[in-house]
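I have placed the structure first, in the form of structure tokens, so that the comments after it can refer back to it.
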Amino acid sequence: MTQPTQSNDAGPSGGFLAEIKDAVTTRAALLVLGVLALQLAFITSYVGAFHHPRPSEIPVAVAAPTPRAAEEYARQLGALEGRPLDPRAVEDEGTARAQVRNREVDGALIVDPAGRTDRLLVAGGAGASLAQAIEEVVLKVGESQGRSVRVTDVAPVAAGDARGLSSFYLVVGWCVGGYLCAAILAISAGARPANAARAVIRLGALLVYALAAGLLGAVIAGPVLDALPGSLVALWGLGALVVFAVGAITLAFQGLAGVVGIGLAILLVVVFGNPSAGGAYPYPLLPPFWSTIGPALPPGAGTYAARSIAYFRGNGAGGPVLVLACWAVLGSAVTLLCARSRKGRAGAAVGSGLPDDAPSVPRFAATGGPEETDAR
């Protein structure tokens, strides 16, 4: 009796190279190369921003008993090698103190020409490293002139806010939640929004998440851990704006580039945004590239605004909040435009190999008969 032949479902072997091509597709290889590029950019950005912090044109007010004396001391400080300070003469101590508290300057030198001791006003709430840098420069100048300096912190950090970093880490947490939430919303039903209705629903879900994440983050950093003082409502509003802005950016990138958009969002927010946010080293201590882009990106705008709310009664928070609002509007607009432009066109759904808006297709049930299922 003839023995039945056994079929080989795997097909004929093509050798080791064929196995590699079967295990790692061209698309997967390109994505891995993209991850490598993102990793190298991460290392370059963080090391480049933090490897050599140096003060550069830190705004400082100078007050003295007479306008002429204030201008002379300001001129001396402005002539220092490397321009670590950007001094400006003010009318009196009250004006200097008010400018520090309003975040118009980062420090103030109160000069007493009749004596040998001057006073330096700093704001630890703006960043411990920044206050320390101002103090080191002014003390060095005073020593060269045989003068001493007494330092006063007019906006000290809270007891639970070590080196004033809680604002930065709070904002980083909000940013992480924003792009992860947006990525999950998009990938769960396709890398790109299939239509405007779905895009609106995703933005609405993101808004609900942002309100919850903003509130919970503010409660943890404030009442629970006692790390940040300031208005809980203001921090809540800031947190919701940060989360929604970052999430909207992520949805926009996904609308433009599909799954690759997640990497682009990480590039913008994490690789470029976090090291330039002014967390460990505020803007005047960062290299020019990072100090320039920092205020324009969500992590930097969020960190600056959070510190303003916590330690400066909201002074100086208007500009950063406007930056975040612009990102939120831009991200939402691009997301909706991408959805509308894709109307009637197929988009690849993640993991299905089918269009994101494909109609129902038949599949075989366990009984062997066909049954209807939605490709989404």
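Laboratory data are not the source of any read-out in this text; all were calculated from the coordinates shown. Every value quoted in this text rests on a predicted model; they were computed, and no experiment measured them. Note that each Cβ is placed from the backbone with ideal geometry, even for glycine, and that neighbours are counted across all protein chains shown.
Just a few scattered comments:
- Span-like helix ranges in the chain, DSSP H, alpha carbon extent 30 angstrom or more, Kyte mean at least 0.0: 26-50, 166-187, 196-219, 232-257, 318-341
- For the range 164-341, the calculated P(r), taken from all Cα-Cα distances in 5 Å bins from zero up to the bin holding the longest distance, is 1, 10, 19, 22, 19, 14, 9, 5, 2, 0 percent.
- Relative contact order (%) - criterion: Cα under 8 Å, at least six apart; region: the range 164-341: 30
- Highest-fluctuation residue, 35, 60, 138 considered, GNM on the chain with Cα pairs under 10 Å: 35
- The Cα-based radius of gyration of the chain, divided by its Kirkwood radius, gives an Rg/Rh of 1.17.
- Listed peptides 139-151, 330-342 by packing density, highest first (mean Cβ within 10 Å): 330-342, 139-151
- Estimated purely from DSSP H runs of n ≥ 4, each contributing -39500 (n - 2.57), the mean residue ellipticity at 222 nm for the chain is -17000 deg cm²/dmol once divided by its residues.
- Each other residue within a Cβ distance under 15 Å of residue 128 adds +1 if Lys or Arg and -1 if Asp or Glu, for a net charge of -3.
- From the alpha carbon centroid of the range 173-246 to that of the range 278-303 is 22 Å.
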